[in-house]
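Asks: One structure, as structure tokens, below. Some questions next.
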Amino acid sequence: MTSVAFIGLGAMGSRMAANLHAAGFALTVWNRDKAKTKPLAERGARIAASPADAAKNAEFVVSIVADDAATRAIMLGPDGVVGAAAQGTIILDCSTNTAAMAREAAAAAAARGLIYLDSPVSGSLAQAQGKELVFMVGGDAGAFDRAQPLFRAMGRMSRRMGSSGAGATIKLVNNMISAAAQVAIAEGAQVCEAAGLDPAAAVEVLMEGAAGCRVLKMKLPKMFNREFSPQFQLELMDKDVRYFLQLASELDRPVPLASLVRSHYQAGKRGGLGKLDSSAVFLRSAAEEAKK
């Protein structure tokens, strides 16, 4: 039975880990808040005392945490994965990090005989629950092939994008486009409401036109209904667009639209909307309109 250490049991991670357990992997889990390990412990997963403890006897380590700082602590800290895992261990880091962080972690892992794949995911809670995630992977091709049983247990598609950092790069591009779409959808929703259009009819018709996409289908009803329970928190979207801007700067590429989009999310976060769904950027637009 293949042994897997899973680190980070937040909204996404808990569902991904549960799917690995259901697929028959021998699972060890660690989470900073130990209360979140209880459901998996009740199913027979081993609870580790630290990331290092989780990684010691694992053939694979899967991690999904909030940002570069959390990844650096989990991977490279004194109780981290890289210092404890056995040679040959394959690390699948599903966090949304900068490409620079991915390359740093990959280099540190390689120095100890480990293989690090930056493997961020596309999809939200429903996709994590239903094993419908898409994995975007950077790193060693052979390790990518050996990790296929894990990818299949958690998702519907995995694609190797290139060397270390390539997975992180395409994920940031993906999330910047999603963030920009939500800002545009929020402005459209404001106009629909001001014009007195029926919200359900607006969603139906827009989905049938060129604007129709999964982001519109998921987020426009939340805006119309003022229902912002988090599928993906606004503060995480703000972080991801900030990381995209950092990447564009490193590549010396002008991204004026992304800068404008980030200003919307940054204002929303500073306005206390950070824990709400990313579609709550609508509330920032609504507040500005109310001031006029």
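Quick note: the coordinates plus some simple rules give every number you see, no bench work behind them. Note that this is a predicted model, so its numbers are computed, not measured. Virtual Cβ from ideal backbone geometry, glycine too; neighbours counted across all protein chains shown.
Asks: Taking the Cβ of M157 as the center, what net charge do the other residues with Cβ under 13 Å away carry, scoring Lys and Arg +1 and Asp and Glu -1?
Replies: Details: positive: K131, R152, R156, R159, R160; negative: E132.
Taking every Cβ under 13 Å from that of M157, the sum is +4.
Asks: Right, here's the next one. What FRET efficiency would be calculated for the residue pair E250, A111, taking the C-beta separation as r and a Förster radius of 22 Å, to the nearest 0.05?
Replies: Details: r = 23 Å, r/R0 = 1.05.
Computed FRET efficiency for E250 and A111: 0.40.
Asks: So, in nm, how far is label N225 from label E42 when the simple model puts each one 7 Å beyond its Cα toward the Cβ?
Replies: 2.7 nm
Asks: What spacing in nm lies between the two simple spin-label points modelled at I177 and Q87, each 7 Å away from Cα in the Cβ direction?
Replies: Result: 4.2 nm between the two label points.
Asks: For a quick check: sort D277, D53, D198, D252 by the number of other beta carbons within 10 angstrom, fewest at the front.
Replies: Details: D277 23, D53 16, D198 11, D252 6.
Exposure proxy ranking, most exposed first: D252, D198, D53, D277.
Asks: Can I ask one more? Starting from the Cα of K56, draw a straight line to each of the aspartates and glutamates and keep only those under 15 Å, dropping any in the same chain fewer than 8 residues away.
Replies: Candidates past the 8-residue exclusion: D79.
Asks: Further, regarding this structure: Can you tell me what the convex hull of the Cα atoms of region 169-291 projects to on average, as an area in nm²?
Replies: Working: hull surface 30.8 nm².
Approximately 7.7 nm², given one-decimal rounding.
Asks: Shifting gears a bit: Once amide H atoms are built 1.01 Å from N in the peptide plane, which residues 5 or more positions from F232, or in another chain, come under 5 Å H to H?
Replies: Close amide H contacts, sequence-distant or interchain: S278.
Asks: Oh, and also: How far, in degrees from 0 to 90, does helix 166-194 lean away from the longest principal axis of the Cα atoms of the chain, to the nearest 10?
Replies: Approximately 20 degrees, to the nearest 10.
Asks: Right, something else. If R0 is 25 Å, what FRET efficiency do you get for A11 and A100 from their C-beta distance, rounded to 0.05?
Replies: 0.45
Asks: Per-residue ellipticity at 222 nm for the chain, helices alone: DSSP H runs ≥ 4 residues times -39500 (n - 2.57), over residue total, nearest 500 deg cm²/dmol?
Replies: Details: 14 runs with 154 residues, N = 292.
When only DSSP H runs of four or more count, the value is -16000 deg cm²/dmol.
Asks: Quick one: E227, E187, fewest Cβ neighbours within 10 Å first, how do they rank?
Replies: Sorted ascending by nearby Cβ count, the order is E227, E187.
Asks: Mind listing which trypsin sites (Lys or Arg not before Pro) in region 195-237 are in a DSSP loop and have 12 or fewer other Cβ atoms within 10 Å?
Replies: Values: sites: R214, K217, K219, K222, R226; in loops: R226.
Of the trypsin sites (Lys or Arg not before Pro), the ones in loops of region 195-237 whose Cβ has at most 12 other Cβ atoms within 10 Å are R226.
Asks: Separate question: Using the number of other C-beta atoms within 10 angstrom as an exposure proxy, rank D118, D140, D145 with the fewest first.
Replies: Numbers: D118 33, D140 19, D145 9.
Lowest count first: D145, D140, D118.
Asks: Spelling out what I want: for every residue of region 270-283, take phi, set θ = phi - 60°, compute 6.51 cos²θ - 1.76 cosθ + 1.60 (Karplus), and round to whole Hz; glycine and proline get x.
Replies: So the Karplus estimates, Gly and Pro as x, are 5, x, x, 9, x, 7, 7, 4, 4, 5, 5, 4, 4, 5 Hz.
Asks: On a 0 to 90 degree scale, rounded to 10, what angle separates helix 11-22 from the longest Cα axis of the chain?
Replies: Around 40 degrees separate the two axes.
Asks: Cα-Cα over 20 Å: which of K38/K222; K219/K275; K131/K171; K38/K239; K131/K275; K239/K269?
Replies: On the way: K38/K222 31 Å; K219/K275 16 Å; K131/K171 18 Å; K38/K239 29 Å; K131/K275 25 Å; K239/K269 10 Å.
From K38/K222; K219/K275; K131/K171; K38/K239; K131/K275; K239/K269, over 20 Å: K38/K222; K38/K239; K131/K275.
Asks: Using 0.36 nm per residue, how much length does the chain from A184 to A23 gain when fully extended, once their Cα-Cα distance is taken away? Walk me through the intermediate numbers first.
Replies: Working: separation 161, 0.36 × 161 = 57.96 nm, distance 3.99 nm.
This chain segment gains 54.0 nm when fully extended.
Asks: Output the 0 to 90 degree angle, nearest 10, between the alpha-carbon long axis of helix 99-111 and the longest principal axis computed from the alpha carbons of the chain.
Replies: 0 degrees
Asks: Work out how much length D33 to A73 would gain on full extension: take 0.36 nm times their residue separation and subtract the Cα-Cα distance, in nm to one decimal. Could the numbers behind the result be given before it?
Replies: Numbers: separation 40, 0.36 × 40 = 14.40 nm, distance 1.52 nm.
Length difference between fully extended and current span is 12.9 nm.
Asks: Two-decimal Rg/Rh of the chain from alpha-carbon positions, Kirkwood Rh?
Replies: The Rg/Rh ratio comes out at 1.00.
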